[in-house]
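One structure is given here, and the rest of the page talks about it.
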Amino acid sequence: MKKIFIETYGCQMNVYDTEIVKSVLGKDGFGFTESEMDADVVLLNTCSVRENANNKVYSRIHKILNGRKGDDVKIGILGCMATNFRKQLLENPKLPIDFIAGPDSYKRLPQLINDISAPVETNGAVKNFDVTLSEFETYSDVYPTQSDGVNAWLAVMRGCDNFCTFCVVPYTRGRERSRSPENVVDEVKRLADQGYRQVTLLGQNVNSYNYEGNDFAHLLEAVSEVNGIERIRFTSPHPKDFPRPLLQVIAENPKVCKQIHLPLQAGNDRVLEMMNRTYTQKEFLDLVDEIRSLYPKMILSTDIIVGFPTETADEFEETVKVMEAVEFDSAFIFKYSERPQTIAQRKFPDDVPEAEKTRRIVKLNEIQKRHSYQKNLGHIGEVHEVLLEKESTRKSADDFQGRNDGNKIVIFPRGDYHKGNFLNVEITEATPHVLRGKPVNVLNK
Ligand code: SF4
């Protein structure tokens, strides 16, 4: 039995895919090991969203092989680098890898691994590969092994049709396709039977989910009818796909968490158009107003890119203006990083100086820290329903950690409760990143 070691980089979809890979290989009789030192095959499930993501993988390959000198260990590259950098990975004789498999080819992994002994010659490099992008593959018949015990990740759709000009995903993960609601509900029932209390529905553009006319609002309602599941979250949505009926389900269905991740990316209309985000600053702000008119306390987070090609300092100030207007609870802020194959790389010069990108990201992080802190201070004195996730924290074994409905981390003193318990916790302290509180009672659910 060959032993597999898997290492995962990047987004939650990759983490989910690693569980799919484990399920496919486990079913075919492969074993797994937690260490690359005694593995027969090392799989790196890669991300290609930014330059340094690739460099990390290249140095990791060499580090593993240096540590296994003389051993007959095989290396396979999975994930978005496999599709985005297939040519370099396959044709570079100096890159000692044995095969590559893209995100839609994981059912072929047993064969790709078993075929290593009969490799195919490719321009002097002897490597196997399958980087086919499928219009149909959703792995709906593969049940990923889940590890967390409290929150289960569940991909309900794959791929993306939006072609934001800075993004590689449409090229590395193909066109959008959704699983049937029945298939998703079946998996949610199985997860509830295993004791999961919360599910997070996953997709590159999850709210464009559509299966034979069943849209995302329909899916949320169907999942909320499963007994045992108390909380439903979803990630990552696109602001263009929030029709009012969906916003009403989020605001009114008690099991759907009152928290929305709303990637803005930039505040200026000319830059938004260059990004092909399909909305304007006004439309984004109108959506925020509509969300808050339905549920004033909705927790909002966002993604922002600073220094997109040709973005001027004045145009950047539009992003500042939107952040000050919305006051997000949290934000992931990145410097623009040119990605191979993307429309932006082909069409627009990466002309914003690095120092200027740094000035902009520092400014936005300061603004966001102020907003996060103000918002969190506003929770002091409130009683929040918290799902207990960890029976210690990074900093202290005397504390338990959970998340409130808004997906904010709440830390409280340990006591006679367990992972998966829902507790009422009175918030007593706040920092920009976490809340602290004291338990009031354990909820019977
Ligand atoms: S919506 Fe845009 S940023 Fe998100 S995965 Fe699709 S192309 Fe990429």
Note, Thr83: beta-carbon cut-off 11 Å, +1 each Lys/Arg, -1 each Asp/Glu, net +1
Summing +1 for each Lys or Arg and -1 for each Asp or Glu, what net charge is found among the other residues whose Cβ lies under 11 Å from the Cβ of Pro263?
+1
So which cysteines of the chain have no other cysteine's Cβ under 4.7 Å from theirs?
Cys11, Cys47, Cys80, Cys160, Cys257
According to the square roots a ≥ b ≥ c of the eigenvalues of the Cα gyration tensor, what is the shape class of segment 157-306, taking rounded for a/c under 1.5, prolate for a/b larger than b/c otherwise, and oblate for the remainder?
oblate
Given the chain, what percent of its DSSP beta bridges are antiparallel, to the nearest 5?
40
From zero outward in steps of 20 Å, how is the percent of C-alpha pairs of the chain spread across the bins?
23, 55, 22, 0
Could you list the GluC sites (Glu not before Pro) in segment 1-71 that lie in coil according to DSSP, counting only those with at most 14 other Cβ atoms within 10 Å of their Cβ?
Glu34
Report, in listed order, any pair from Lys87/Lys357; Lys22/Lys240; Lys189/Lys240; Lys63/Lys363; Lys2/Lys390; Lys255/Lys419 with a Cα-Cα distance greater than 25 Å.
Lys87/Lys357; Lys22/Lys240; Lys189/Lys240; Lys63/Lys363; Lys2/Lys390
Build a GNM of the chain with springs between Cα atoms under 10 Å: which of Gln281, Gln341, Gln88 gets the top mean-square fluctuation?
Gln88
Taking a probe of 1.4 angstrom, what is the accessible area of His238 in Å², to the nearest 10?
10
Can you list which of the trypsin sites (Lys or Arg not before Pro) found in segment 309-396 are DSSP loop residues with at most 13 other C-beta atoms within 10 Å?
Arg394, Lys395
Using a probe radius of 1.4 Å on heavy atoms only, what accessible surface per residue do you get for the chain? Whole Å² is fine.
43
If you average the C-alpha positions of segment 317-357 and of segment 1-66 separately, how far apart do those two centres end up, in angstrom?
30
Would you tell me the accessible area of Ser178, worked out with a 1.4 angstrom probe on the heavy atoms of the protein chains, in Å² to the nearest 10?
20
Tell me which trypsin sites (Lys or Arg not before Pro) from segment 24-111 have a DSSP coil assignment and no more than 15 other beta carbons within 10 Å of their own.
Lys69, Lys94
The chain, helix-only ellipticity at 222 nm - DSSP H runs n ≥ 4, -39,500 (n - 2.57), divided by all residues, nearest 500
-10000 deg cm²/dmol
Going toward the positive end of the dipole of segment 383-443, with +1 on Lys and Arg Cβ and -1 on Asp and Glu Cβ, which of His433, Asn404, Phe422 do you reach last?
His433
With all protein chains present, how much of the accessible area of the chain (probe radius 1.4 Å) comes from carbon and sulfur, to the nearest whole percent?
50
Any idea how far the Cα center of segment 213-250 sits from the one of segment 133-192, in Å?
15
What is the sum of charges around Glu290, taking Lys and Arg as +1, Asp and Glu as -1, for the other residues whose C-beta is under 11 Å from the C-beta of Glu290?
-1
Within segment 151-377: Cβ-based charge dipole about Cα centre, in debye rounded to nearest 20 (Lys, Arg +1; Asp, Glu -1)
560
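The values are calculated or read from the model by the stated rules, or taken from the named source; none is laboratory data. The model shown is predicted, which means the values in this text are computed figures rather than measured ones. FYI the Cβ positions are ideal-geometry reconstructions off the backbone, even for glycines, and counts take in every protein chain you see. What goes into the accessible areas is simple: the full protein's heavy atoms, side chains included, and nothing from ligands, DNA or RNA. Shrake-Rupley method; radii C 1.70, N 1.55, O 1.52, S 1.80 Å.
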